[in-house]
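First comes the structure, then the notes that go with it.
The values are calculated or read from the model by the stated rules, or taken from the named source; none is laboratory data. None of these values were measured; they are calculated from a predicted model. Note that each Cβ is placed from the backbone with ideal geometry, even for glycine, and that neighbours are counted across all protein chains shown. These area figures cover heavy atoms from the full protein model, side chains too; ligands, DNA and RNA do not enter into them. Shrake-Rupley method; radii C 1.70, N 1.55, O 1.52, S 1.80 Å.
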Protein chains: 2
Amino acid sequence: MLTEEKKEIQEQRTKGYFIQAAKEILKGEGIRLISVRNIADRAGYSYATLYNYFKDLKDLIFLCVKDFQDECEITIKEETETRARGKEKIEGITQGYLKYFIQYPGIFDLFFLERMSEIGSKQKTSELIYTFFDRLCQEEWDFCVSKGIFQADEAESRKVELKLMVTGLLLFYNNRRQPANFEDFMNIAKNQLAFILR
Amino acid sequence: MLTEEKKEIQEQRTKGYFIQAAKEILKGEGIRLISVRNIADRAGYSYATLYNYFKDLKDLIFLCVKDFQDECEITIKEETETRARGKEKIEGITQGYLKYFIQYPGIFDLFFLERMSEIGSKQKTSELIYTFFDRLCQEEWDFCVSKGIFQADEAESRKVELKLMVTGLLLFYNNRRQPANFEDFMNIAKNQLAFILR
DNA sequence: TTTATAAAATTAACACTGCAAATTTACTGA
DNA sequence: TCAGTAAATTTGCAGTGTTAATTTTATAAA
């Protein structure tokens, strides 16, 4: 039967409408202003229709994670294209990463702050988030090790350190407005980056 | 008039009942299960009475921050009493800090994740949170500088680094269950701590 | 083309939430 | 005792996520 395939295509298309709507809201209004009715309105469906395609709201919005990661990665790749490999590229990637999550605080909320629904692909998604920054930098850390700039275990420590530092920095700035202005934020970021890569 | 003073005393007492109830819920059920009705029930009042004493719910629960900080500080002080000053004490303080926010994830949520209401003592409270860990360690960093273990600017960098690292670590573990078990968590914490204090 | 059936989408409803205005209760000073 | 004030409560609103029942739409068979 071709019918089954057609159904599948249509179902995926409809799911896509909801996901697209959710992504738009997340980037614009932010995660606080997201709601089932909000998403459904934008997707052109009734709010209850959403539950024919997704287990619950959390399920839907966490499907956006992968898309946003891809978008973020592409942006950073473009921005750091001309940078020299190694430390300098790690620096550029970090700056691009910070920039992205400051530009879209709703996506930061989604990645790090929003509670996930208990069941489902919870573990997979949280691992995706946990390893995201590592994946962005991995090639360059390997490069540093291959060039003898860092020892393997030392590079590993710095990699973890950088990830945790960047996450903490964004959390304070996006969620607690600390430090109070962007200039101070960038100064701290720069200093800490230099400290870790010294 | 003595009446004014009496009123003040009674008002503070009543406020205290609400705050005490909120603190109990935050430590127990956590911030997700907190609600106006929930707090008022426990305090022995109607839920609307709460609004006679607090601007809104957020206002109330962020009044708990100072109390929890004091409690946390006292606990850590006791635990690290016998430690040698300097690096070793910083290590102990960090461990106690991690322990506290893992034991009470609801308090972690309150400190770092929960959105504050826009007006009021927002800035003051967020600064209190931002500087908390720094204040816990400050004496020991100063000690290190005075003993020539670190230079002043170097100590400052490490202090900031430690704060951001610890915050990121707790965020991933408490909110994303990454790493997946406590043993891994403690190993990472230990390694990173050694990296920063090296 | 008409009819039976399955699928998709919607409406209505529930149990919550924070919050505010109106109303009742309790208390204080004359 | 009574009036005025402060405190506490009831009532109500607008919003949330989610589910069940219902209607609408699309599909397959006669």
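Just one of the numbered conditions (1) within 24 Å of B:A194 (Cα to Cα); (2) surrounded by 17 or more Cβ atoms within 10 Å (Cβ to Cβ); (3) more than 12 Å from every other protein chain (Cβ to nearest Cβ) is not true of A:I149: (2).
For B:E81, the criteria (1) closer than 30 Å to B:Q138 by Cα; (2) over 22 Å from the mean Cα position of the chain (by Cα) hold in every case but one, which is (2). For A:I74, the test of being loosely packed, with under 13 Cβ neighbours inside 10 Å, more than 14 Å from chain B (Cβ to nearest Cβ) and either within 12 Å of DNA strand D (Cβ to nearest atom) or within 22 Å of A:P105 (Cα to Cα) (or both) is passed.
I'd like the residue in segment B:28-58 that is of a type in the set (D, E) and within 25 Å of A:E114 (Cα to Cα) and, out of all such residues, is farthest from DNA strand D (Cβ to nearest atom). Filtering first and then ranking leaves B:E29. Counting only residues that are open to solvent by less than 80 Å² (accessible area, probe 1.4 Å) and without any contact (Cβ under 8 Å) to a residue 40 or more places away in the chain, segment B:77-95 holds 4 of them.
Within segment B:152-198, being in a helix (DSSP H, G or I), hydrophobic (A, V, I, L, M, F, W, C) and over 21 Å from the mean Cα position of the chain (by Cα) holds for B:A152, B:A155, B:I188, B:A194, B:F195, B:I196, B:L197.
Every residue, every condition in (1) surrounded by 17 or more Cβ atoms within 10 Å (Cβ to Cβ); (2) of a type in the set (F, W, Y); (3) over 23 Å from B:F185 (Cα atoms), yes or no:
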residue	(1), (2), (3)
B:L98	yes, no, no
B:F101	yes, yes, no
B:P105	yes, no, no
B:F111	yes, yes, no
B:S117	no, no, yes
B:S126	yes, no, yes
B:F132	yes, yes, no
B:C137	yes, no, no
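Annotation note: Cβ proximity below 7 Å between a residue of segment B:176-193 that is facing chain A (nearest Cβ under 8 Å) and without any contact (Cβ under 8 Å) to a residue 40 or more places away in the chain and a residue that is open to solvent by 40 Å² or more (accessible area, probe 1.4 Å) and outside any helix (DSSP H, G or I) (sequence gap 6+ or interchain) occurs for no pair.
Working only within segment B:48-57, note down all residues that are in a helix (DSSP H, G or I) and more than 6 Å from DNA strand C (Cβ to nearest atom).
Keep residues of segment B:48-57 that are in a helix (DSSP H, G or I), which gives B:48-52, B:57.
Passing the criteria: B:T49, B:L50, B:N52.
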